[in-house]
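Nothing in this text is a laboratory measurement; each read-out follows from the coordinates by a stated rule. This structure is a prediction, so every number in the text was calculated from the model and none was measured. In this analysis, Cβ positions are derived from the backbone assuming ideal geometry, glycine residues included, and neighbour counts consider all displayed protein chains.
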Amino acid sequence: MEISYQLTERDFVQAYRTYRDRTTLTKWAGRTALWVSLLVVVSILFGLIAQHDDRLARSYLPIPCLALFFIFALEAWPRWVMKRQFRKQPGAQGPRTVIFDAHGVHWRWDGGSADVAWKNYIRWTESKEEILLYTSPAGFSILPKRAVEPAQLSGLREVLKQNIHPAK
């Protein structure tokens, strides 16, 4: 099976989210922390508006500032880092082709190639927008699902299930 595509900044950002949310615990812990932080910011700001006390505002102002920083660290910072990584990685840009066969996965791109035997993949993960193929706990290759024909997708899943153990 041969698939041709071109990666985008959005693919990198989505792949990071898929990696970050790979377990139920990490997925819901991050979301819960985000909502709790947002709730802290809103409730303290509403409390300060209702009280109109400058001294109280100076006492409590660091808390929403820290919560906003936490929200930034969870959402905006990783997005910025992944976009920057994409822009500074020439090998990620341009047309790519991936071929799945009995021996493994063969990646071809402008400026390079990689042939990876099935035994080197430790797991694969599928999200709404991409499939990630892991060669280490944190190292993966990105295959955007937009590049896969709907008829190919079920066949690709079968090939991956037969050759790689899915992420748990």
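Considering only Tyr60, Leu7, Leu34, and ranking their Cα positions along the charge dipole of the chain that arises from unit charges at the beta-carbon of Lys, Arg, Asp and Glu, the one farthest toward the positive end is Tyr60. On the basis of the beta-carbon distance and an R0 of 41 Å, Ala50 and Leu153 show a calculated FRET efficiency of 0.15. Size descriptors for the chain, from the alpha-carbon set: Rg then Dmax equal 21.3, 71 Å.
Of all complete DSSP H helices in the chain, those with a Cα span along the helix axis of 30 Å or greater and a mean Kyte-Doolittle hydropathy of 0.0 or more are 24-51.
Here the spin labels are modelled as points 7 Å beyond Cα on the Cα-Cβ line, and at Trp118 and Leu39 they lie 4.7 nm apart. Given R0 = 30 Å, the distance between the Cβ atoms of Glu2 and Trp77 translates into a calculated FRET efficiency of 0.25.
For the chain, the dipole from Cβ point charges (+1 on Lys and Arg, -1 on Asp and Glu) about the Cα centre works out to 280 debye, to the nearest 20.
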